[in-house]
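The values are calculated or read from the model by the stated rules, or taken from the named source; none is laboratory data. None of these values were measured; they are calculated from a predicted model. Here the Cβ positions follow ideal geometry from the backbone for every residue, glycine too, while neighbour counts run over all protein chains shown.
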Amino acid sequence: MASAGQKQNIAVQIAENSKNIDIHPLRLKKLVKVICKRFKISKATISIAIVNDAQIRKLNKQFLNKDHPTDCLSFNLSDNKKSSLKSFELVVNAEMAARQAKLRGHSSEAELALYITHDLLHNLGFDDSTKKQAEKMHNIEDQILQQLGYGSVYNGG
């Protein structure tokens, strides 16, 4: 946890392996840093892979034994879960984001921002396995996304 005056040292890397949507890397990096600041993460390396259906399906099969595309996957690669240095790998599906955004009436980037936020919250200890936990998690996602100008993406769609 960061102390009140501690400087935030958050490295965010984005690898875009899908050209289906127009993304703004600086906005997505700001999103990650805002989330880390909100939850008092002062040192982290966060890698985001923006992939397509086929790529995420392969990863979903490999790591979760589920043979279908999904919206996002997250991995906590921190050496020690209690360490102050966090290392997270996020994988988000650009093709699914484009489809869902069209159905829900917001931008593909807003949907992608939702996936990134969702992944990070999982890595920070949030769970959505019960209805009550999911509601809490989705409300926090929307608070963060509204703060950054994306609007109420989860509950608004």
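At-a-glance table
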{"read-out": "Close pairs (7 angstrom Cβ cut-off, 6 or more residues apart or separate chains): at pLDDT 95 or above in segment 24-39, polar (S, T, N, Q) and buried (at least 20 other Cβ atoms within 10 Å of the Cβ) anywhere", "value": "LEU31/THR117; ILE35/THR117"}
{"read-out": "Set THR130, THR70: member being among the β-branched types (Val, Ile, Thr) and closer than 17 Å to ILE48 by Cβ", "value": "THR70"}
{"read-out": "Any chance ARG57 is in contact with a helix residue (DSSP H, G or I) (Cβ under 9 Å, 6 or more places away or on another chain) and either of a type in the set (Lys, Arg) or at pLDDT 95 or above (or both)", "value": "no"}
{"read-out": "Flag for TYR150 being buried (at least 17 other Cβ atoms within 10 Å of the Cβ), over 12 Å from the mean Cα position of the chain (by Cα) and not in a helix (DSSP H, G or I)", "value": "yes"}
{"read-out": "Contacts under 7 angstrom Cβ, first residue in segment 91-108 being among the basic types (Lys, Arg), partner at pLDDT below 95, 6 or more apart", "value": "ARG104/GLY157"}
{"read-out": "Positions within segment 3-23 being surrounded by 12 or more Cβ atoms within 10 Å (Cβ to Cβ) and either modelled with pLDDT of 85 or more or assigned to a strand (DSSP E or B) (or both), in sequence order", "value": "ASN9, ILE10, ALA11, VAL12, GLN13, ILE14, GLU16"}
{"read-out": "Given (1) within 16 Å of the chain's Cα centre (by Cα); (2) not in a helix (DSSP H, G or I), number of the condition ALA98 does not satisfy", "value": "(2)"}
{"read-out": "Answer residue from segment 35-85, given it is hydroxyl-bearing (Ser, Thr, Tyr) and either part of a strand (DSSP E or B) or out of contact with any strand residue (DSSP E or B) (no Cβ under 7 Å at 6 or more places or on another chain) (or both) and is farthest from HIS138 (Cα to Cα) among those", "value": "SER83"}
{"read-out": "Residue list for segment 106-128, filter: assigned to a helix (DSSP H, G or I), hydroxyl-bearing (Ser, Thr, Tyr) and surrounded by fewer than 24 Cβ atoms within 10 Å (Cβ to Cβ)", "value": "SER108"}
{"read-out": "Selection within segment 129-142 - in a helix (DSSP H, G or I) and over 21 Å from GLU95 (Cβ atoms)", "value": "LYS131, LYS132, GLN133, ALA134, GLU135, LYS136, MET137, HIS138, ASN139, ILE140, ASP142"}
{"read-out": "Check on LEU77, in contact with a helix residue (DSSP H, G or I) (Cβ under 6 Å, 6 or more places away or on another chain) and within 16 Å of ILE10 (Cα to Cα)", "value": "no"}
